[in-house]
Amino acid sequence: MIPKAFDYCRPKTLPEAISLLQQHGDAAKILSGGESLIPMMKMRLAQPEYLIDINQISGLEYIKEEDGYLKIGALTREADLEASDLIRSKYPLILDTAFSIADPQVRNLATVGGNLAHGDPANDHPATMLALNAEVVATGPNGERSIPIKEFFVSLFTTALQPNEILTEIRIPAPPAKSGGAYFKLERKVGDFATVGVAAQVAVDAKGVCQQAGIGLTNAGGTPIKAEKAEEFLRGKPLDDGNISQAASLAADDAHPSSDLRGPAEYKISMVRELTKRALTKAVNRASQER
Amino acid sequence: MTTKRAVDITVKVNGKEHFAAVEPRLLLVHFIREHLALTGTHIGCDTTNCGACTVLLDGRAVKSCTLFTVQADGRELRTIEGVGNSSALHPLQEGFKEKHGLQCGFCTPGMIMSACALLEKKPHPTEEDIRWGISGNLCRCTGYQNIVKAVQYAAEKMSASASQA
């Protein structure tokens, strides 16, 4: 499969990339890891006139804690998340997610920023970032702005990014003590998109009462879904099996998947319920092991 | 815009520098096979699934059907031709031969490149590490059992020769 011909630009700086976006508008696409965009171009579902390769722009690949946030540079590869000691020790939900994405070769190229900016509800990081209440930093001609992740996913393949903006950083509020998270993805085989997936993040107090809860759903509707009714239900309650079950049913109420080759909608809704239970249970276990 | 500009690139493949002017849409796997005539890198699914086109880009395994040639500009590639040859087999190639790690052989170059990247990171992999390392490569003949054994064979041989050195 051969993509439609395009012109290739490789800016060395962010301002240069943004001015190319201003110049070419909708005719241009940003090339990050390319692991979603290139397949779409090969199938001619995407036919940009200009491809702006941002991989030569330095300073966009990092994972660090700063000012009360975990900050991930948009060009950070999935493989770098897997290898990061910081992610391994403190952010199990992000580690689970990185491991579940595609396969080793794809993870060597695919970026966290691209996984979000693509706006695909079948991608895995959106649910995780919804559960973590992340913010997305967009850089454009007038500088940076921060977009709460809840407002980022507008519709299928459409995000709150303006045509002249580039996603440059993901910020995750540092989790309080006794926090834990987990991602469960139902997939037919390694590398497949999720039939459905559920990301859960909780913080508990010394008595095991829920202080914070975040739940995100993968491939359960036209956009990634934040299961807010379930989150609200859990806050202030002990995270026992009964409450987890109730929350799982509330999360399933928020799922609106379509029937397709991965299964009928009612099956997927049942799977959201089950995976929410499992993800919350594992998140609670991990949180109670934390000191 | 009717004409699309060709881009000049320099890429080191198996230790040798190559200069070329390529169309931006030229996929890396086509450059490797058709421009460099290195046909050991295979095209299987052409959809980022099967891993037959796996090569090492700056030491990392990637699927060359899902990368434009221009993205390899200034970088280093290793293909199956750079791994060994018939008079001096790489331990992985020897392992695939000894342990019957192939039947039709179509997936083998990609399997070996993934295994190469794995053994560089983890010289003493567990069986699970190996299965994880080749999880982006599909084989439709062997059921993977003998491929895992082939990689284990290579890991043992390579660590034995490393400890002798």
task: State, as an integer percentage, the relative contact order of the stretch B:91-164 based on alpha-carbon contacts under 8 Å between residues 6 or more apart.
output: 52
Highest-MSF residue in chain A out of A:THR223, A:THR13, A:THR276 [GNM, Cα springs under 10 Å]: A:THR13
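When every alpha-carbon pair in the stretch A:23-73 is counted, what percent end up more than 18 Å apart?
Details: 604 of 1275 pairs.
When all Cα pairs of the stretch A:23-73 are counted, 47 percent exceed 18 Å.
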- prompt: Each label point is 7 Å from the Cα along the Cα-to-Cβ direction; what then is the distance between the points at B:SER86 and A:GLU65, in nm?
  reply: 5.8
Max mean-square fluctuation residue, GNM over chain A, Cα-Cα springs under 10 Å, options A:PRO92, A:PRO15, A:PRO148: A:PRO15
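How do B:GLU128, A:GLU232, A:GLU274, A:GLU35 rank by accessible surface area computed with a 1.4 Å probe, from largest to smallest? It would help to have the intermediate numbers written out before the result.
Values: B:GLU128 145, A:GLU232 125, A:GLU274 60, A:GLU35 25 Å².
The ordering from most to least exposed comes out as B:GLU128, A:GLU232, A:GLU274, A:GLU35.
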field: Whole-angstrom Cα spans of the stretch B:57-122 along principal axes, big to small
entry: 38, 25, 22
- request: Could you tell me, in Å, what Rg and Dmax come out for the Cα atoms of the stretch A:179-289?
  value: 13.5, 45
message: Please give the charge dipole size of the stretch B:91-164, origin at the Cα centre, charges +1 on K and R Cβ atoms and -1 on D and E Cβ atoms. Round to the nearest 20 debye.
response: 140
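Can you give the accessible area per residue of the protein assembly as shown, in Å², using a 1.4 Å probe? It would help to have the intermediate numbers written out before the result.
Values: 19340 Å² over 456 residues.
Per-residue value: 42 Å².
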Radius of gyration and maximum dimension Dmax of the stretch B:97-165, Cα, Å: 11.6, 38
Over the stretch A:1-160: Rg over Rh, Cα atoms, Kirkwood Rh: 0.95
- request: Give, in whole angstrom and from largest to smallest, the semi-axes √(5λ) of the equivalent ellipsoid of the stretch B:25-89, with λ running over the eigenvalues of the Cα gyration tensor.
  value: 18, 14, 11
message: Which of A:SER179, A:SER258, A:SER100 ends up with the largest GNM mean-square fluctuation for chain A, with Cα atoms connected below 10 Å?
response: A:SER258
- request: Just add up the charged neighbours of A:PHE6: K/R +1, D/E -1, any other residue whose Cβ is under 9 Å from the Cβ of A:PHE6.
  value: +2
- request: Only counting protein heavy atoms at a 1.4 Å probe, give the residues of the stretch A:1-27, ordered by number, whose accessible area falls by 30 Å² or more when the other protein chains are present relative to the chain alone.
  value: A:MET1, A:ILE2, A:PRO3, A:ALA5, A:PHE6, A:ASP7, A:TYR8, A:ARG10
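Which value, in Å³ per residue, describes the convex hull spanned by the Cα atoms of the protein assembly as shown?
Working: hull volume 70.6 nm³, N = 456.
In the protein assembly as shown, the Cα convex hull volume per residue is 155 Å³.
To the nearest µm²/s, what D does Stokes-Einstein give for the stretch A:113-203 at 10 °C and 1.306 mPa s, using the Kirkwood radius over alpha carbon pairs as Rh? Intermediate values should be presented prior to the final figure.
Working: Rh = 14.1 Å.
Once the numbers are plugged in, D ends up at 113 µm²/s.
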field: Compactness of the stretch B:1-114, expressed as Rg and Dmax over alpha-carbon positions, Å
entry: 14.7, 55
message: With an 8 Å Cα cut-off and a minimum separation of 6 or more residues, compute the relative contact order for the stretch A:7-51 in percent.
response: 53
- request: Relative to the longest principal axis of the C-alpha atoms of chain B, give the angle of the C-alpha long axis of helix B:145-164, reported between 0 and 90° and rounded to the nearest 10°.
  value: 80
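Please compute the contact order of the stretch B:7-82 in relative form: average sequence separation of alpha-carbon pairs under 8 Å and at least six residues apart, divided by the residue count, as a percent.
Numbers: 145 pairs, mean separation 30.1, N = 76.
The normalised contact order for the stretch B:7-82 reaches 40 percent.
Based on the alpha carbons, how large is the Rg to Rh ratio for the stretch A:7-51 when Rh follows Kirkwood?
0.98
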- prompt: Taking each residue of B:60-70 in turn, how many C-beta atoms of other protein chains fall within 10 Å of its C-beta, and what is the average?
  reply: 6
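The values are calculated or read from the model by the stated rules, or taken from the named source; none is laboratory data. Here the structure is a predicted model, which means the values were calculated and not measured. Neighbour counts run over all protein chains shown; Cβ positions are idealised from the backbone, glycine included. Only protein heavy atoms, including side chains, enter the accessible area calculation; ligands, DNA and RNA are left aside. Shrake-Rupley method; radii C 1.70, N 1.55, O 1.52, S 1.80 Å.
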